[in-house]
Amino acid sequence: MTTGFIQQHKRSRHCGAFRDEHVGQQATVYGWVQSYRDHGGVIFVDLRDRTGIVQLRFEPSHGNGTAHAIADKLRTEWVIGARGEVISRGTNINPKIPTGAVEILVDEVTVLNEAKTPPFEIKDEIDTNETTRLTYRYLDLRRPKLSANLALRSRVNQLTRRYFCEDHDFLELETPILAKSTPEGARDYLVPSRVHPGEFYALPQSPQQFKQLFMMSGMDRYMQICRCFRDEDLRADRQPEFTQLDLELSFVDVDEIRTLLDGYVSLIWKAVKGTTVPTPIPSITYQEAMDKYGIDRPDLRFGLPLSDLTEKLAGRATFRVFTDAFERGGIVKALAIPDGSSLTRKDLDKTLPAEAAPFGARGVAWARIAEDGAWSGPVAKGLDDALKTELLAHMEVGPGALILFVADKASVVNASLARLRQVVGDRLGLIDPEMDAFCWVVDFPMFEYDEGAGRWFAMHHPFTSPMDSDVGMLDSDPGKVRAKAYDLVLNGIELGGGSIRIHRSDVQDRVFALLGLDEAERRDKFGFFIDALSFGTPPHGGIALGMDRLMMLLCGADSLRDVIAFPKTQRASDLMTESPSEVSPAQLEELHVRTVVPTPDA
Ligand code: ASP
């Protein structure tokens with residue numbers, strides 16, 4: 001095995017780059033053996049690198065025959081270098097690959113490294129369990145789909161930097177990883193300090209305070225493609241460390257930030273998908289989103305709005321499920337499907353209630369309107385004719401319609417009907433998979449009340465500014481205060497969110513107090529920040545987009561793990577390096593840390 005070959009021969013181009021126009025040229029290529037085939041003397045080797053595959057041809061009588069003799073010994077995943085002339089494949093074109101019109105007739109080949117047989121074939125569409133794939137992630141990343149995802153990710157990062165830094169005067173600035181806890185609402189990852197016994201750094205859940213401090217420093221416009229850490233129980237679309245496009249700007253209002261982001265997603269969608277995003281991206285208020293879709297990240301690729309029937313039904317409907325809900329202070333909302341004929345009795349009795357159950361719904365009541373206008377289903381009996389007519393007019397449906405009702409407290413009703421709307425939209429084929437429906441959700445409430453904790457929580461984060469018109473209600477009616485916060489949503493998925501920030505230290509201090517921090521805690525946790533606000537802080541605001549999720553959508557991947565080079569499992573472990581892992585007692589001692597590992601329940 002010789003690396004002298006590399007010194008003598010520079011790569012002409014990547015494997016995937018050979019085309020007709022290179023016929024007749026001498027070429028040097030490097031890569032991995034994808035496959036080899038002996039066609040009665042002529043050996044064909046598919047050579048792969050991250051850009052694709054080129055076919056190598058070894059003829060027994062070509063040159064002095066050594067290349068052919070070596071080719072005869074090659075095995076998959078061996079690393080080789082080869083030289084020869086690019087020739088046309090004539091009529092034997094392989095239309096499935098971009099290099100399919102040509103091949104390289106090899107004069108000289110060298111084996112740079114042999115390979116053990118990999119635990120799975122390096123190929124897309126292989127059915128290997130994910131544990132094996134993640135344990136041998138470096139092999140998994142050799143697969144064309146995954147390496148293409150990473151290459152696209154790199155390209156999007158470059159476009160992002162160019163758009164913000166070159167075209168819009170942002171500075172790309174870095175913020176610390178060993179930092180102090182910023183309340184974004186999740187659990188912190190903590191790092192014990194060796195130098196300060198008993199004290200800890202927190203890994204940033206986001207660089208929120210630092211990016212605001214950049215505005216106080218006069219940096220004016222900041223961007224960073226940064227890593228954030230949140231120690232949450234992982235759902236399918238979460239990773240404990242994830243990447244955010246983090247932005248902050250001074251002297252701007254909500255509209256300017258939205259316009260900037262509209263331009264950004266248009267650019268990326270044009271460059272990657274070749275589609276035009278209609279701008280300005282439309283907006284919907286939080287209230288309207290909740291009323292019509294039951295969720296603050298509505299999928300606007302299809303209609304099927306929800307209707308609130310509480311006012312119409314209260315005191316008039318005798319159906320038990322409704323009257324019980326009203327007695328407990330609940331509401332009734334409905335999803336009216338203009339043509340519900342394809343949903344079967346089994347859907348109504350089993351499938352749909354099972355979809356709604358995880359969101360707290362104890363059942364899904366329904367009514368079907370026949371072509372002659374007659375109502376059937378459990379709800380029908382409890383409604384008089386006048387009320388039935390009123391309801392249909394209100395929901396703008398008629399004969400052939402199917403109506404799904406959920407009665408409960410508002411949060412349960414909204415969440416379960418939002419789910420049912422999605423399931424039904426999908427089932428009835430109302431969702432065009434080619435469509436991208438972006439929207440801004442605006443005018444979020446500033447706070448939400450947590451009954452369990454008995455206090456207010458910031459809906460976005462505590463640095464978000466209340467609307468100027470609502471500041472007066474901060475003390476009197478916090479639940480009514482709306483925030484200058486906005487989320488960017490695509491097809492029911494939150495791409496990111498941000499807000500105009502509080503830039504006055506007295507308002508910030510009041511908000512912290514409202515969130516239940518007493519004077520001492522405020523000083524201890526945020527003293528430096530409240531002080532900083534009082535030294536001439538410009539009005540400012542920003543946003544962060546989740547880059548992993550954005551890439552997942554752009555790549556058409558099913559999982560975040562397909563766009564992150566070295567992801568963690570659902571249980572937050574890295575199977576390849578076997579992390580997390582125990583450390584030596586000496587390391588713990590140095591860090592002044594003692595562990596108490598819970599014993600499994602007997
Ligand atoms: N720091 C926020 C987040 O990580 C985003 C922002 O307000 O800019 O969600």
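Quick check on residue 71: is it surrounded by 15 or more Cβ atoms within 10 Å (Cβ to Cβ), within 43 Å of the chain's Cα centre (by Cα) and in contact (Cβ under 8 Å) with a residue 24 or more places away in the chain?
no
Can you tell me which residue within segment 74-95, out of those that are of a type outside the set (D, E, K, R) and in contact (Cβ under 8 Å) with a residue 60 or more places away in the chain, is surrounded by the most Cβ atoms within 10 Å (Cβ to Cβ)?
86
Considering each of 99, 110, 51 in turn, give the residue that is touching a Ser or Thr at 6+ places or on another chain (Cβ under 7 Å), polar (S, T, N, Q) and modelled with pLDDT of 95 or more.
Going through 99, 110, 51 in turn, just one is touching a Ser or Thr at 6+ places or on another chain (Cβ under 7 Å), polar (S, T, N, Q) and modelled with pLDDT of 95 or more: 110.
Yes or no, residue by residue, for (1) away from the ligand (no atom under 16 Å from the Cβ); (2) in a helix (DSSP H, G or I); (3) crowded, with 20+ Cβ neighbours inside 10 Å:
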position	(1), (2), (3)
488	no, no, yes
513	yes, yes, no
516	yes, no, no
543	no, no, yes
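Between a residue in segment 207-228 that is closer than 18 Å to residue 531 by Cα and in contact (Cβ under 8 Å) with a residue 40 or more places away in the chain and any residue that is among the hydroxyl-bearing types (Ser, Thr, Tyr) and within 11 Å of the ligand (Cβ to nearest atom), which pairs come within a Cβ distance under 8 Å, given they are 6 or more apart or on different chains?
208/182; 209/182; 211/222; 214/222; 215/222
Being surrounded by fewer than 18 Cβ atoms within 10 Å (Cβ to Cβ), part of a loop (DSSP other than H, G, I, E, B) and either in contact with a strand residue (DSSP E or B) (Cβ under 6 Å, 6 or more places away or on another chain) or in contact (Cβ under 8 Å) with a residue 60 or more places away in the chain (or both) is the filter here, so list the residues in segment 96-114 that pass it.
Once the filter is applied, which keeps residues that are surrounded by fewer than 18 Cβ atoms within 10 Å (Cβ to Cβ), part of a loop (DSSP other than H, G, I, E, B) and either in contact with a strand residue (DSSP E or B) (Cβ under 6 Å, 6 or more places away or on another chain) or in contact (Cβ under 8 Å) with a residue 60 or more places away in the chain (or both), segment 96-114 yields 97, 98, 114.
For the structure I just gave you, tell me whether residue 595 is modelled with pLDDT under 95, in contact with a helix residue (DSSP H, G or I) (Cβ under 8 Å, 6 or more places away or on another chain), farther than 23 Å from residue 226 by Cα and of a type in the set (S, T, N, Q).
yes
Of the numbered conditions (1) without any contact (Cβ under 8 Å) to a residue 40 or more places away in the chain; (2) in contact with a His (Cβ under 8 Å, 6 or more places away or on another chain); (3) aliphatic (A, V, I, L, M), residue 467 fails exactly one; give the number of that condition.
Condition (2) is where residue 467 drops out.
Inside segment 199-224, can you point out the residues that are more than 13 Å from the ligand (Cβ to nearest atom) and part of a strand (DSSP E or B)?
Selection gives 200, 201, 202, 221.
What single numbered condition from (1) out of contact with any His (no Cβ under 9 Å at 6 or more places or on another chain); (2) within 16 Å of the ligand (Cβ to nearest atom); (3) aliphatic (A, V, I, L, M) fails to hold for residue 446?
The single condition residue 446 does not satisfy is (1).
Give me the pairs, please: first residue somewhere in segment 332-356 and under 14 Å from residue 379 (Cβ atoms), second residue anywhere and charged (D, E, K, R) and loosely packed, with under 12 Cβ neighbours inside 10 Å, beta-carbon distance under 9 Å, and either six or more positions apart or on two chains.
Close Cβ pairs satisfying both conditions: 336/396.
What tally of residues in segment 490-510 results from selecting those that are more than 30 Å from residue 237 (Cβ to Cβ) and either aliphatic (A, V, I, L, M) or more than 16 Å from the ligand (Cβ to nearest atom) (or both)?
Within segment 490-510, residues that are more than 30 Å from residue 237 (Cβ to Cβ) and either aliphatic (A, V, I, L, M) or more than 16 Å from the ligand (Cβ to nearest atom) (or both) number 7.
Could you list, in sequence order, the residues of segment 450-486 that are within 11 Å of the ligand (Cβ to nearest atom) and out of contact with any strand residue (DSSP E or B) (no Cβ under 9 Å at 6 or more places or on another chain)?
462
The values are calculated or read from the model by the stated rules, or taken from the named source; none is laboratory data. Everything numeric here is computed off the predicted structure, so don't read it as measured data. Note that each Cβ is placed from the backbone with ideal geometry, even for glycine, and that neighbours are counted across all protein chains shown.
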